[in-house]
Every structure is written in structure tokens, then in C-alpha cells.
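A.B. asks: Would you mind keeping the following structure in view while I ask a few things?
The values are calculated or read from the model by the stated rules, or taken from the named source; none is laboratory data. Since we're looking at a predicted model, the values are computed, not measured. Reconstructed Cβ throughout: ideal geometry from the backbone, glycine too, with neighbour counts over all protein chains shown.
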There are 2 protein chains.
Amino acid sequence: MTDTAKKNLNQILSEAKQASAVLSNLDNDTRSGALEDMAHAIQERSAEILSANSQDLAESKKLLSEGKITAAMADRLKLSAAKVRDIADGIRQVATQPDPLGSTTLARDLDEGLTLYRRTCPIGLLAVIFESRPDALPQIASLAIKSGNAAVLKGGKEAQTTLAVLFDCLTAALKSRGMPASSLVLLSTREDVESILKAEGLIDLIIPRGSNHLVRHIQENTKIPVLGHAEGVCHLYVHDDADPDMAVRLAVDSKTQYPAACNSIETLLVHKNIAARYLPLVAAALLDRQVELRLDEPSYAIVSKFFPDANLAHATIDDWSTEYCDLVLSVKIVDSLDQAIKHINEYGSHHTECIVTTDAKAFETFFKSVNSSGVFWKASTRFADGFRYGFGAEVGISTGKLHPRGPVGLEGLVTYKYELIGDGHVVSDYSGEGAKKFLHRDRS
Amino acid sequence: MTDTAKKNLNQILSEAKQASAVLSNLDNDTRSGALEDMAHAIQERSAEILSANSQDLAESKKLLSEGKITAAMADRLKLSAAKVRDIADGIRQVATQPDPLGSTTLARDLDEGLTLYRRTCPIGLLAVIFESRPDALPQIASLAIKSGNAAVLKGGKEAQTTLAVLFDCLTAALKSRGMPASSLVLLSTREDVESILKAEGLIDLIIPRGSNHLVRHIQENTKIPVLGHAEGVCHLYVHDDADPDMAVRLAVDSKTQYPAACNSIETLLVHKNIAARYLPLVAAALLDRQVELRLDEPSYAIVSKFFPDANLAHATIDDWSTEYCDLVLSVKIVDSLDQAIKHINEYGSHHTECIVTTDAKAFETFFKSVNSSGVFWKASTRFADGFRYGFGAEVGISTGKLHPRGPVGLEGLVTYKYELIGDGHVVSDYSGEGAKKFLHRDRS
């Protein structure tokens with residue numbers, strides 16, 4: 001348990017909020033320098049981190065036998081010397097990213113001597129709630145500090161000894177750079193989560209990283225904006241003119257490369273004109289990789305003819321909106337591109353969808369009409385990821401329509417404010433009789 | 001009552017949502033052309049609109065005498081031939097704005113032949129809830145259509161005859177351009193509002209335009225993102241080195257140019273070193289304009305000495321967070337720039353704040369540390385407005401930290417999606433042994 005956990009939580013959040021005002025004033029060198037110090041401290045104290053981790057691992061065996069955590073959770077707890085080095089490298093990668101703050105996205109003379117700017121600035125105080133993976137702490141903390149945000153971090157109780165040492169490395173680095181230690185707060189209890197959800201006015205954005213269940217619980221129990229998604233129901237649509245071999249390769253990668261990931265596909269949509277040719281090919285490849293197929297009537301008829309001995313299932317309406325997180329795939333034949341788009345917009349989760357076609361007009365319609373945060377042409381949905389997009393790291397993927405959307409890296413952790421600079425300009429000069437006209441001239 | 005109101009509301013919303021997918025596919029010429037047709041129809045049918053408006057006005061007298069609407073509401077109802085012309089001109093101004101859709105904000109080669117774009121796209125289905133002003137309907141509808149969004153519009157019942165004619169002009173224009181008439185929906189009952197608040201998954205963004213009470217009711221009763229703000233508690237801070245005459249001019253304009261507006265100031269913060277010189281000047285100017293002053297102890301001591309006969313009030317802690325919407329101003333003396341910033345961040349509503357100083361370092365600290373959507377240097381807070389910023393029109397002002405923020409015009413009504421174009425690229429080539437490296441080369 002950290003010192004801070006003993007104080008009144010609202011007081012802690014209030015101090016973190018005040019620290020965020022200090023952070024927003026620091027230059028990039030100071031913020032990035034603190035990240036370099038964090039990376040250095042973590043590498044220096046590697047043995048200590050690994051020893052703390054062994055304690056958590058020993059304890060987790062007990063929790064596992066008592067059914068309080070799952071085997072997967074216990075598994076994600078484990079660090080190694082190589083992993084600690086990766087953590088330090090990851091922080092350094094964030095440090096070297098360009099400064100996300102102070103970018104000018106609008107500069108306009110409203111009149112002579114009256115100039116409007118829109119510039120990026122931090123969001124304020126973030127609350128990140130994550131589960132057993134201890135490397136989430138340094139990753140998220142470094143993204144927060146680099147983007148000038150303060151952060152409250154609630155980790156899994158089963159990782160608490162490891163997290164305490166990592167957290168000490170982070171705050172020591174802040175202190176060594178003269179930055180407020182209250183910029184980062186580590187919490188550990190379930191009651192803390194409930195308090196976070198109620199802290200409107202102090203916390204500006206909540207980022208849950210964990211199970212669908214965790215995300216949904218948070219979304220349903222707070223008025224604070226939540227970044228993230230409960231489900232990832234992604235689609236691959238194979239148009240009638242697709243190259244079947246490419247469509248097989250994309251289906252296999254999108255489904256099997258890491259089936260538990262949110263950007264794996266759950267439903268394969270196939271145009272009726274290519275179904276008889278494509279389905280036997282893709283079914284062979286997927287069945288070979290132990291993928292369970294749940295087929296609508298027309299696709300069942302085709303696949304069962306080719307693979308009479310395979311264990312094929314009939315899809316129900318629930319399959320169209322289910323994230324399996326496993327080697328399971330639902331399959332549906334559609335009459336047209338339009339029907340595919342309608343299916344995706346109705347049953348999907350607005351995460352990432354891919355079309356395989358050679359027709360430029362078809363992919364353009366797909367890109368414009370599918371209202372997901374990612375639309376792909378001839379590329380695996382598994383590319384939907386902050387690291388693969390070149391964001392350095394990500395705090396999550398947002399399937400909402402408002403900013404931030406898609407994989408969220410540093411750019412998603414900043415917002416903007418309007419800055420107006422005049423020289424005593426008043427509105428009354430621009431209204432009524434003989435009103436001055438605005439210039440509205442953009443600066444280049 | 002419109003035809004649509006007779007159908008089941010969920011069916012109507014569902015059709016509007018489907019229409020939004022069609023709108024997102026239309027080019028700027030088609031969308032802007034429909035706006036030109038709307039403006040034309042409104043001007044053509046001016047007499048009919050004014051006659052409908054007379055009916056609403058006659059009815060409103062009854063409602064007013066029954067206490068069902070306020071005098072201000074009845075007042076806002078009234079249209080004139082000139083106002084109808086202004087409405088049409090307003091729509092034409094939105095039509096000629098640059099296309100907000102399809103702007104590329106990121107273009108990056110992830111690898112040879114694998115290119116990522118981030119492009120602006122519509123949000124989807126908007127729900128706008130407004131009160132008696134009938135000109136809100138064409139203004140908001142034109143902003144929605146121009147930005148490729150469908151919109152559900154709930155107007156005040158007291159304006160329903162006027163709104164029905166205006167709405168007919170709008171949908172006739174959509175039909176004449178072959179656009180789905182269900183892109184715009186007009187609703188009129190209080191029950192419709194409650195249904196809108198529950199329509200998660202169909203409605204993407206709710207925009208309330210009306211009283212603080214209306215906005216707060218909506219914010220507290222929906223899981224859908226709400227654009228807008230309940231309060232506008234704006235500040236003017238006069239630093240110790242300010243030009244007193246300029247600071248008086250800015251205080252007078254920011255408070256009295258239109259006291260009911262959300263961007264008028266409610267609190268004047270004055271540095272202690274300039275208080276004795278500045279307060280008598282500003283008090284004279286404000287008292288002269290019938291502004292009621294609510295002063296903290298130190299400022300009361302100064303002002304009451306100069307104006308012993310004025311009706312001065314003592315400020316209480318509630319004054320620091322109250323939006324008067326009237327000729328009332330609270331005044332507080334602060335010890336430092338830091339104290340001013342802390343006061344604003346603690347008691348303000350994150351709308352718009354101004355600093356008067358000649359010190360570049362002071363205004364920079366103010367700009368970075370004040371976490372409001374607008375920070376001004378030597379300019380009246382009354383400039384915080386979509387028209388004055390050159391956005392053509394605005395649907396509201398957002399005091400939230402996430403997009404959209406500040407005055408919201410067309411740019412705030414679009415979001416973005418990530419588009420990835422490959423040629424059969426799969427993630428498995430980029431992971432494990434012998435993994436290909438990403439290029440992450442930005443296109444200029």
C-alpha cells in the first residue's frame with residue numbers, strides 16, 4: 001500500500017488535478033527528460049522489480065487456487081529481465097516522440113491586431129484502471145506525462161508489490177526533475193474504483209484497460225467520459241471480384257494471428273457471387289487451424305458439402321454481435337456490398353472492418369458508408385493498433401464517434417483550446433450601427 | 001404535427017440513422033446544393049412562414065397568460081420578413097463554407113504498399129433540442145446536412161406551426177436533390193425528448209440549445225455524449241501591470257455588451273497591487289451602466305470609500321460559481337497570477353477567460369495553466385462565438401475537454417476515421433522470428 005492511499009481520496013485527486021496545471025506549463029524537454037529518468041531507474045532497479053514480482057507470483061498461486069484470479073491473469077503478471085528491459089525501452093520510445101502539445105491547428109486574424117489560435121493542450125487528469133499486467137503502469141504513466149496530463153492509476157491487487165516498486169521508479173524520476181510527485185497516483189482497492197467513477201469535475205477522462213466486463217461496468221456507472229470499447233466485433237467482407245487467395249490470407253491472419261485481440265475478426269461476410277468458389281478455400285484454411293465455423297444457411301450448404309466430416313455449427317442471430325475472443329468465426333453470405341455495409345453498421349461494434357475487392361468504387365463506398373473507427377482495404381484488421389500505426393504506444397482503442405477515436409496514443413491524450421490575442425478589442429465595436437467588419441483571414 | 005410523428009419513434013430514428021450512411025457518401029456539391037435549395041424555398045415561401053408565425057404568436061399570448069411560457073420565450077418566437085431573409089442568407093453562408101469532410105489529417109506509409117490515412121467524416125445522427133427560437137431549426141439543419149450528418153430536431157411546442165412550414169422547406173430541398181427525406185426529423189413533444197435520451201446506439205451526439213435547466217436535465221439523464229454547457233462563468237483578470245483604461249473598456253464590454261450571453265463575465269479578478277488605482281475607475285464605469293457589484297472584503301473597502309452612496313453588496317462563496325445572466329458582477333482581489341489561475345480553475349466553468357497584462361510571460365502562464373476552452377489576452381470574452389471566430393454559424397459552445405471544444409461549427413460536427421490500404425498485407429509477417437520492420441514514413 002502506498003502512502004497516498006492513506007490520505008483522503010478526494011484530497012489526493014484534488015492534488016493530482018492541481019499538479020496537472022503545473023504539468024501543462026512544462027516544456028517538452030522537461031517532460032521527456034523525466035521519462036528518460038524513469039527508464040533509467042527501472043533498468044537500474046531491475047533486480048528489485050523482479051524480486052517484488054516473484055512475491056506477487058507466489059501470492060498469485062494462492063489466489064488462483066482460491067479461484068480469485070484466472071490462470072490468464074496469473075500468467076500476465078510475470079516479468080523477466082528481458083521484459084523489464086522492454087519496459088524501459090518502451091518509455092524511451094515515448095520520450096523521443098514529437099511534442100504533442102502546443103501544435104497550432106488554426107491561426108486566423110479576426111481583425112487587424114486581433115488574432116485567434118487553436119492550440120493543442122493536455123486534457124487534465126486521467127484515471128486509468130487496468131488489470132494484472134504490471135507493464136501497463138509504466139506505459140500509461142509515460143504517455144500521460146509526455147502529453148502533460150496527470151494520471152490516477154488503479155492496478156490489479158495481485159500485482160501490487162511489483163507495481164509499488166515500478167511506481168517508486170516513476171515518482172522518483174518526477175521528483176528529480178522538480179515535477180510534482182502528485183502528478184501520478186497509484187491506487188489499489190476496488191473502493192478506489194467506485195470513488196474514481198464519482199469524481200466528476202476532478203477527473204477528465206477514464207481509460208479502462210481490461211475485460212469487456214470491466215469496461216462495461218465503468219461505462220454504465222460514471223458521468224465522466226470513458227475511452228475504450230467493451231467489444232471488438234470486426235468484419236472481413238469479401239466482394240464478388242476479390243482475389244480468393246488474398247482473401248484467404250487476410251481471413252486467416254485477421255482471425256488466427258491473435259484471436260483474443262479486439263482487432264481480430266468475428267464475422268466473415270462473403271458476396272453470393274464468389275461464395276461457391278471462395279468458401280471451400282477459406283474453410284479449408286481455417287479448419288486446418290482449428291477454427292470453429294458458425295455458418296448461416298447458404299454458407300452451411302456450401303461448406304458442409306466440401307467438409308462433410310467437419311464439426312460445423314449453424315449461426316444464430318446472436319452470433320452476429322458476439323465477440324468470441326477465441327478461434328471461432330461466424331460466416332454469412334450477402335447479396336450486395338450495400339447489404340454487407342448494413343450488416344456491419346447494424347451488428348458491428350464500430351472498431352475495424354476490411355473489404356477485399358479490386359473495384360476502387362466499391363472500396364470508396366465501403367470507406368465512406370461504414371461508420372467504424374477503422375476501414376481497411378486489402379489489409380488484415382490486426383493492423384489496427386497504436387504501435388503498428390506508428391504512435392509509439394497506445395492507451396486503448398476508442399470506438400466512439402467523438403475524439404479520441406481509434407488507437408489512442410499521444411495525440412489522443414491532448415485536446416485544444418482557443419487562444420485570442422487582441423489589444424483592448426471589444427465586441428461593441430463589431431455590433432450595431434457602423435459596426436466594424438471581421439477580417440477572418442487565415443494565417444498560413 | 002408532421003407525418004413522421006405518427007410513426008413509431010424508434011423506427012423513425014432508425015431510418016434517420018440509415019439516411020446518415022447515405023449522406024456520408026454524398027459529395028460537397030450535392031450537400032451544398034441542397035442548402036441553396038433550402039434557402040431559396042424559405043425566401044419563396046416567406047409569406048406562408050410569416051402567416052404560420054402569426055398563428056404561433058396569437059397562441060403564445062394565451063400560453064403566456066396561463067404562465068406556460070415566459071415573456072422572453074414569447075418574444076423570441078417572433079419572425080419578420082427581414083428575419084426570414086436573414087435565415088435564408090445564413091443557410092447560404094453555411095453552404096459556401098469549405099467542405100468539412102474528407103480532410104486528411106494523417107497520411108503515413110506503414111510499409112511499402114501499406115498506407116494509413118486519417119480522414120474527417122460525419123459523426124452520424126445528431127439530436128438537437130432547442131426552445132422557442134424558430135430560426136434555430138434552419139440554422140442547425142443546414143450545419144448538419146453540410147457536415148453530412150442526419151439530425152433529429154425537437155423544437156418548442158409554442159413554435160410548432162412556424163417550424164412545420166420551415167421544416168417542409170428543408171425536406172422539400174432534400175427530396176429535390178434525391179437525398180433521403182428521413183435525413184431530417186422534426187419532433188415536438190416532451191415525450192420525444194425522453195425517448196431521444198434513451199436512444200443509445202442510434203443517436204451519436206445530443207446538442208441542447210436552451211436554458212441551463214434544460215442542458216443540465218439532458219446531461220444528467222442520458223448515456224449519449226452531450227455537446228454544450230450548463231453554465232458560463234467567465235472571468236476577466238487584471239494583472240498588476242495592466243493598462244487601467246484598457247482593463248475598464250474590456251470589463252465594460254465583457255459584462256454589459258450582452259449580459260445574458262454565456263460568454264459575458266461573472267467575476268472580475270484584480271491583482272492587489274493595481275486594485276487601489278483600478279477599482280475606482282472600473283466601478284465608476286460599471287455603476288454608471290447599472291451593474292450591481294458584489295465585492296469581497298478588500299475590494300468592498302476600496303470601492304465603498306469612493307462610492308459611499310452606491311448600493312454595493314458583499315460577495316459570498318456562492319457568487320464565485322454563479323452565472324448571473326444579468327447586470328451583476330462579482331469582484332475579488334487576488335495576491336498573484338497563480339491565485340487568479342487557481343480561482344478560475346476551481347470556480348469557473350471552463351468557458352472563456354481573459355487576462356489584461358503587458359507581461360508576455362504572465363499571459364503565457366495564464367494561457368497554459370487555465371484549462372478553459374478559450375483563453376484571451378487583451379480582448380473581450382464576448383468574442384467567444386462561432387460567427388466571430390469565422391465558423392459561419394455555431395451549434396453551441398462546448399466546455400468539455402474532449403472534441404468538440406469551444407464554439408462548434410462545421411469542424412466540430414465531423415470526426416475522423418483511420419483508413420488503411422494494403423495489398424494483402426497480414427500482421428503475421430510483422431511479428432515473431434524474422435519479422436518485417438514497419439516503415440512509419442509520413443507523407444507530406
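A.B. asks: Just the residues that are out of contact with any Leu (no Cβ under 6 Å at 6 or more places or on another chain) and among the aromatic types (F, W, Y), please, taken from segment B:390-444.
C.D. replies: B:F391, B:Y416, B:Y418, B:Y430, listed by residue number.
A.B. asks: Which residues, taken from segment A:216-260, are within 11 Å of chain B (Cβ to nearest Cβ), assigned to a loop (DSSP other than H, G, I, E, B) and of a type outside the set (D, E, K, R)?
C.D. replies: Hits for segment A:216-260 are A:N221, A:T222, A:I224, A:P225, A:L227, A:A242, A:Q257, A:Y258.
A.B. asks: Then there is this: Take A:D359 and tell me if it is over 18 Å from the mean Cα position of the chain (by Cα), over 18 Å from B:T104 (Cβ atoms) and more than 7 Å from chain B (Cβ to nearest Cβ).
C.D. replies: Here the answer is yes, as A:D359 does meet what is asked.
A.B. asks: What about B:I302, is it more than 15 Å from B:V270 (Cβ to Cβ), over 26 Å from the mean Cα position of the chain (by Cα) and aliphatic (A, V, I, L, M)?
C.D. replies: When the stated conditions are applied, B:I302 does not pass them.
A.B. asks: Which residues, taken from segment B:143-194, are touching a Gly at 6+ places or on another chain (Cβ under 9 Å), under 26 Å from B:A72 (Cβ atoms) and not in a helix (DSSP H, G or I)?
C.D. replies: Selection gives B:G156, B:L186, B:L187, B:S188.
A.B. asks: Give the residue that is surrounded by the fewest Cβ atoms within 10 Å (Cβ to Cβ), with candidates limited to residues of segment A:344-356 that are part of a loop (DSSP other than H, G, I, E, B) and more than 10 Å from chain B (Cβ to nearest Cβ).
C.D. replies: That would be A:S349.
A.B. asks: Check every one of the strands (runs of 3 or more DSSP E) wholly within segment A:371-444 and list those with 2 or more residues that are touching a strand residue (DSSP E or B) at 6+ places or on another chain (Cβ under 9 Å) and either surrounded by fewer than 19 Cβ atoms within 10 Å (Cβ to Cβ) or in the same structural domain as A:K342 (by TED's automatic domain parsing) (or both).
C.D. replies: Of the strands (runs of 3 or more DSSP E) lying wholly inside segment A:371-444, those with at least 2 residues that are touching a strand residue (DSSP E or B) at 6+ places or on another chain (Cβ under 9 Å) and either surrounded by fewer than 19 Cβ atoms within 10 Å (Cβ to Cβ) or in the same structural domain as A:K342 (by TED's automatic domain parsing) (or both) span A:374-379, A:414-425.
A.B. asks: For segment B:411-429, how many residues meet the condition of being more than 7 Å from every other protein chain (Cβ to nearest Cβ) and either aliphatic (A, V, I, L, M) or over 20 Å from A:T105 (Cβ atoms) (or both)?
C.D. replies: 3
A.B. asks: Could I ask something else about it? Is it the case that B:S373 is over 23 Å from B:L295 (Cα atoms), of a type in the set (G, A, S) and under 21 Å from the mean Cα position of the chain (by Cα)?
C.D. replies: yes
A.B. asks: Looking only at segment B:24-45, how many residues end up being among the acidic types (D, E) and under 13 Å from B:A144 (Cβ atoms)?
C.D. replies: 0
A.B. asks: Condition test on B:E36, is it within 30 Å of A:K368 (Cα to Cα), assigned to a helix (DSSP H, G or I) and not small (G, A, S)?
C.D. replies: Answer is yes for this residue.
A.B. asks: Something else now. Might you let me know whether segment A:381-388 holds any residue that is in contact (Cβ under 8 Å) with a residue 24 or more places away in the chain, over 15 Å from the mean Cα position of the chain (by Cα) and at the interface with chain B (Cβ under 7 Å from one of its Cβ atoms)?
C.D. replies: There is no residue in segment A:381-388 that is in contact (Cβ under 8 Å) with a residue 24 or more places away in the chain, over 15 Å from the mean Cα position of the chain (by Cα) and at the interface with chain B (Cβ under 7 Å from one of its Cβ atoms).
A.B. asks: Shifting gears a bit: Any residue in segment B:41-59 that is acidic (D, E), modelled with pLDDT under 95 and within 25 Å of B:V414 (Cβ to Cβ)?
C.D. replies: no
A.B. asks: Here's something else I'd like to know. For a quick check of your reading of the model, give me the residue pairs whose first member lies in segment A:194-211 and is touching a residue at least 40 places away in the same chain (Cβ under 8 Å), whose second is of a type in the set (S, T, N, Q), with beta-carbon atoms closer than 6 Å and at least 6 apart or on different chains.
C.D. replies: none
A.B. asks: So which residues in segment B:31-42 are over 26 Å from the mean Cα position of the chain (by Cα) and surrounded by fewer than 18 Cβ atoms within 10 Å (Cβ to Cβ), if there are any at all?
C.D. replies: B:H40
A.B. asks: Mind telling me which of the residues A:L281, A:L293 ends up being outside any helix (DSSP H, G or I), more than 14 Å from chain B (Cβ to nearest Cβ) and either in contact with a strand residue (DSSP E or B) (Cβ under 7 Å, 6 or more places away or on another chain) or surrounded by fewer than 20 Cβ atoms within 10 Å (Cβ to Cβ) (or both)?
C.D. replies: A:L293
A.B. asks: Among the residues of segment A:94-136, how many are aliphatic (A, V, I, L, M) and within 12 Å of chain B (Cβ to nearest Cβ)?
C.D. replies: So the count comes out to 9.
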